[in-house]
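In what follows, a structure is listed as structure tokens, so that the remarks can point back to it.
Computed from the coordinates by the stated procedures, all read-outs in this text should not be read as laboratory data. Worth saying up front: this structure is predicted, and the values here are computed from it rather than measured. No Cβ is skipped: glycine too gets one built from the backbone with ideal geometry, and neighbour counts run over all protein chains shown.
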Amino acid sequence: MANGAQALIKTLADAGIEVCFTNPGTSEMHFVAALDSEPRLRAVLALFEGVATGAADGYARMADKPAATLLHLGCGLGNGLANLHNARKGKVPIVNIVGDHASYHVPLDAQLQSDIETVARNVSPGFVRTATSTRELCRDAADAIAAARGLPGQVATLILPADVSWGEGAEPCPPPPLPAPAPADDATVAAIAEAIRSGKKTALLLGGRALREASLLAAARIAAHSGVQLLAEVFPTRLARGAGLPAVERIAYLAELAGVQLVAIEQLILVDAKAPVSFFAYPGKESILVPETCRVLSLATPAQDAAASLEKLAQALGAAQTPPALQPSQRPGRPRGRLTAEKVCKAVGHLLPENAILIDEAITSGLLLSAMTAGAPRHDLLTLTGGAIGQGLPNAIGAAIACPERPVLALVGDGSAMYTLQALWTMARERLDVTAIIFNNASYSVLNVELERVGAEAIGPKAKSQLDLGGPVLHFAQLAQGMGVHAIRANTAEDFVKALEYALAMPGPHLIEAVVPEALNGVKRKLLPHLLRSLPGLPRPLARALKRKIAP
């Protein structure tokens, strides 16, 4: 009979889980040894747990099914927590396997002993279980798989004691049934159709799976027929966009700009989304972004079928045959001269290949990315769903493994890149078709902006030094080459375009270090808080024009 680890791996593979992102230790050695017994499960080594968890996140976003992780004890789980947090916020399915000491060893309080369940509940509030028996291990695994794959997707954490893993007498479990989500009920659809027919200024706020192609087309038919506005959550898990698809305006990150977008809305209809709130609290500012005069309705929860719900609403409104408005094909020109963040985004829009996967963790440097790529060939956009930086490079690993036929571009800030730079080693080891673009502006630029916005009174040299990455200067191209990734440092737009053309033409991975000034620096950064404070008092057309200028 199989030992626990062998049966567990077969249970995972039988359920369609094809990849396990690993950073194992001593307690996981029987799982590692059992990997050779199951050819259907690919094992991908990461040099840091945050890379493994972020890669599992990126894989599931693109494969529409979970990957597994293998982490070492509570400390390993802690190291991977930030990207599990991002997955939780994005409702991304992951089967998170965390090794533990043998059950009889736990009471001895060895050096690495910790309360793994308490740590796991931060990112797995819906499913945390410690396996207690080799015979029941695979049933526990099947339950974890079912929890991860259900709607909404979630991180399901299974804690695997070493003696349960090496114990004999385990039997694989059959895969759990796939979820079959239902659309919104007839009464909900009828009530929302009536609200739209009232003539009040109405917007559909799309999130989660409502930002896939089928959902977007149904929403765009409703918009064309009934005059509703289409909005998307600020950080989508996965957004289908580009030429030939409906355009949708994302809620702005800055609360003041989001207020400009929402101020005139009288009815906000949620579709696999939550009502928007400010990313942080600020002195004297509201945290809830929806105006008090706006009525909030829900068409589909994250547990329901968003596309089918929108189709039912289109039918109820008589919009099923209405042609949707689609984004025309258009690209920005080839940039020239001194390299800036805007010119990097322009070059990406100029060259973005068909069917690419675009990962945006560029923070302030990527402010113009959406505008520059709106009319590019169709692509999927993955964003920083939970706000915990260090997601972009690991996400690129997972996306490239899920979709090996599609080019992956990851745009990442320099501060964010340093959180999980070990991802480059895994890209090289797995020979992934990834182009990583690092914006090197030698600053935590977004935090410099926030320092101005929160109203901190005295900003002296010690405070400023905490947000400065200029001493010593980081050389990402050299760091990448040290991990086996082809890399180039670009200081001009011409050099950057040449490097990007080469990266897109040749098998990856590649890294392009874009040496740029801060996108919001000097006078711009000083003026921004004053401009944001002035927005509520400005005429709405002027406020909207300023919003488009700052964050198009």
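When only alpha carbons of the range 186-317 are considered, Rg and Dmax amount to 14.1, 45 Å. Each of Asp495, Asp360, Asp272 has some number of other Cβ atoms within 10 Å of its Cβ, and from fewest to most they run Asp495, Asp360, Asp272. Charging the Cβ of each Asp and Glu at -1 and of each Lys and Arg at +1, and nothing else, the dipole of the chain about its Cα centre rounds to 2300 debye. Take the Kirkwood radius over Cα pairs of the range 2-170, plug it into Stokes-Einstein at 25 °C and 0.890 mPa s, and you get 162 µm²/s for translational diffusion.
Based only on Cα atoms, what mean projected area does the convex hull of the chain have, in nm²?
On the way: hull surface 105.0 nm².
Directional mean of the projected Cα hull area for the chain stands at 26.3 nm².
Considering only Cα-Cα distances, which of the following residue pairs are longer than 27 Å: Lys285/Lys312; Lys65/Lys274; Lys10/Lys274? Intermediate results must be reported in sequence, preceding the final value.
Details: Lys285/Lys312 38 Å; Lys65/Lys274 23 Å; Lys10/Lys274 38 Å.
Over 27 Å Cα-Cα: Lys285/Lys312; Lys10/Lys274.
The order of Met29, Met427, Met62, going from fewest to most other C-beta atoms within 10 Å of their C-beta, is Met29, Met62, Met427.
Where only DSSP H runs of four or more residues are counted, the chain gives -11000 deg cm²/dmol as its mean residue ellipticity at 222 nm, each run worth -39500 (n - 2.57).
Length gained on full extension, Lys274 to Ala303, computed as 0.36 nm times the residue gap minus the Cα-Cα distance: 9.2 nm.
To the nearest 20 debye, what charge dipole does the range 320-448 have about its Cα centre, counting +1 at the Cβ of each Lys and Arg and -1 at the Cβ of each Asp and Glu? Write down the numbers at each step before the final one.
Values: 10 positive and 9 negative charges, 91 e Å.
In total the dipole reaches around 440 debye.
With the simple model of a label 7 Å out from the Cα in the direction of the Cβ, Asn122 to Ala224 spans 4.7 nm. Ordering 35-42, 391-398, 46-53 by mean Cβ neighbour count within 10 Å, with the highest value first, yields 391-398, 46-53, 35-42.
Please give the length that would be gained between Ser133 and Asp186 if that part of the chain were fully extended, namely 0.36 nm times their separation in residues minus their C-alpha to C-alpha distance (nm, one decimal).
Working: separation 53, 0.36 × 53 = 19.08 nm, distance 4.58 nm.
Between Ser133 and Asp186, full extension yields an extra 14.5 nm.
Relative to the longest principal axis of the Cα atoms of the chain, helix 540-550 runs at roughly 50 degrees. With viscosity set to 1.567 mPa s and temperature to 4 °C, compute the Stokes-Einstein D of the range 175-232, Rh being the Kirkwood radius across alpha carbon pairs; µm²/s, no decimals. Here the translational diffusion coefficient equals 100 µm²/s. Remark on Ile159: its backbone amide H falls under 5 Å from those of Val98, Arg129, Thr130, Ala131, a criterion applied only to residues 5 or more positions apart or on other chains, H modelled at 1.01 Å from N.
How high is the FRET efficiency from Ile288 to Ala505, r the C-beta distance, R0 51 Å, rounded to 0.05?
Details: r = 48 Å, r/R0 = 0.95.
About 0.60, to the nearest 0.05.
So what's the range 341-520 giving for Cα Rg divided by 2.2 N^0.38 Å, two decimals? Before the final figure, lay out each step's value.
Details: Rg = 15.9 Å, N = 180, 2.2 N^0.38 = 15.8 Å.
So the range 341-520 has a normalised radius of gyration of 1.00.
Summing charges over neighbours of Glu136, with a neighbour being any other residue whose Cβ is under 12 Å away from its Cβ, gives 0 when K and R count +1 and D and E count -1. Per residue, the convex hull around the alpha carbon atoms of the range 318-414 comes to 138 Å³.
The alpha-carbon of Lys200 sits under 17 angstrom from the alpha-carbons of these aspartates and glutamates, leaving out residues fewer than 8 places away in its chain: Glu266, Glu292.
Converting phi to 3J(HN,Hα) with the Karplus coefficients 6.51, -1.76 and 1.60 and the offset θ = phi - 60°, the range 193-205 yields 4, 5, 5, 5, 5, 5, x, 6, 5, 10, 10, 9, 9 Hz in sequence order, with x at every glycine or proline. Sequence-ordered 3J(HN,Hα) estimates for the range 79-96 from the Karplus curve with 6.51, -1.76 and 1.60 and θ = phi - 60° stand at 5, x, 5, 4, 7, 5, 4, 4, 5, 4, 5, x, 6, 9, x, 9, 9, 9 Hz, glycine and proline given as x. Each of Tyr419, Tyr59, Tyr104 was scored by other Cβ atoms within 10 Å of its Cβ. Listed from fewest to most, they are Tyr104, Tyr419, Tyr59.
Calculate the FRET efficiency for Leu542 and Ala281 from the Cβ-Cβ distance with a Förster distance of 25 Å, rounded to the nearest 0.05. Once rounded, the FRET efficiency stands at 0.35.
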